[in-house]
Amino acid sequence: MFTGLVEEIGVVAELNPHDETGGTSLTISLPASSKLLEGALLGDSISVNGVCLTATDIHFDNSDTTTAPPSFKVGIAPETLRLTNLGSLATGSGVNLERAVRADTRMGGHFVQGHVDTTASIAQISADGNALTFRLAPRALDVLRYVVHKGYVALDGTSLTVTAVNDAEGWFEVMLIVYTQQKVVLARKKVGESVNLEVDVLAKYAEKSMAGYLGAQGEMLVKPILEGMVENLVAQAMGGHAS
């Protein structure tokens, strides 16, 4: 579980599609002064551009400034490559990083699982004073039913508030203040580039709970509502005819 508050921007050192395990691995380098990996253990979860990944190799020693900068490696499953933008990363690409939350962590963002739903392309970037508004078009349009005005989304792992939604045209917007522009990779991206999108999981739970409830009692609940609507329409029609 994550909060969507990016702790560090790392840099891709290597994306290896044929590593020693026969799969794909990603190595991320951090600034020499970074404390992100302090206390980190093999097997820990780290969010990379909003994707929850397992650390399989960690290099961190802040007691020796002569050693290489901190870095870590993660493995990427084929399904993750299909659903996210991680496969398009290149050496030197910046990535948002966040360690998994602890029980005593202040929840400054929202509940982010690190389970990306789909990617979204940047359709438009516009300035609003010193803020930037990003318009995003999801690849899978069905996720828009979980995106609501003033609700939450995670873009490349960044918790952001939705400022506008257009279901008919298939897009939504978020705004980055100056501080956020300096702390996340989204501000570095251009129109046409993609971001990882995770919608608010609470919306999914609400939908499933309601579907289950209506599935068992839907006809009993909906029928009187429809009957009432029809009666009102008939009454209005009759009233209009009588006048």
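Assorted remarks:
- Some residue of the range 121-135 being under 28 Å from residue 102 (Cα atoms) and without any contact (Cβ under 8 Å) to a residue 12 or more places away in the chain: no
- Boolean, residue 93 is assigned by TED's automatic domain parsing to the domain that holds residue 26, at pLDDT below 85 and hydroxyl-bearing (Ser, Thr, Tyr): no
- Of all residues in the range 144-162, those that are without any contact (Cβ under 8 Å) to a residue 60 or more places away in the chain and either in a strand (DSSP E or B) or among the charged types (D, E, K, R) (or both) total 4.
- The criterion of at least 2 residues that are under 20 Å from residue 183 (Cβ atoms), of a type in the set (Asp, Glu) and assigned by TED's automatic domain parsing to the domain that holds residue 161 is met by none of the strands (runs of 3 or more DSSP E) falling completely within the range 1-58.
- Hey, residue 2 over 23 Å from residue 115 (Cβ atoms) and among the aromatic types (Phe, Trp, Tyr) or not: no
- Residues that are of a type in the set (Ser, Thr, Tyr), modelled with pLDDT of 95 or more and crowded, with 21+ Cβ neighbours inside 10 Å, drawn from the range 126-158: 158
- The criterion of being touching a residue at least 60 places away in the same chain (Cβ under 8 Å) and in contact with a Phe, Trp or Tyr (Cβ under 9 Å, 6 or more places away or on another chain) holds for residue 36.
- Residues located in the range 166-187, provided they are under 16 Å from the mean Cα position of the chain (by Cα) and in a loop (DSSP other than H, G, I, E, B): 184
- Being of a type outside the set (A, V, I, L, M, F, W, C), out of contact with any Gly (no Cβ under 8 Å at 6 or more places or on another chain), farther than 19 Å from residue 205 by Cα and part of a strand (DSSP E or B) is a description that does not apply to residue 82.
- The residues listed here are 92, 50, 87; of these, the one that is under 23 Å from residue 13 (Cβ atoms), surrounded by fewer than 20 Cβ atoms within 10 Å (Cβ to Cβ), touching a residue at least 60 places away in the same chain (Cβ under 8 Å) and in contact with a Leu (Cβ under 9 Å, 6 or more places away or on another chain) is 87.
- Residue within the range 99-110 that is farther than 23 Å from residue 179 by Cβ, surrounded by 17 or more Cβ atoms within 10 Å (Cβ to Cβ) and out of contact with any helix residue (DSSP H, G or I) (no Cβ under 8 Å at 6 or more places or on another chain) present: no
The values are calculated or read from the model by the stated rules, or taken from the named source; none is laboratory data. Just so we're clear, the structure is a prediction, and the values are computed from it rather than from any experiment. Every residue, glycine as well, gets a Cβ built from its backbone with ideal geometry; the counts of neighbours run over all protein chains shown.
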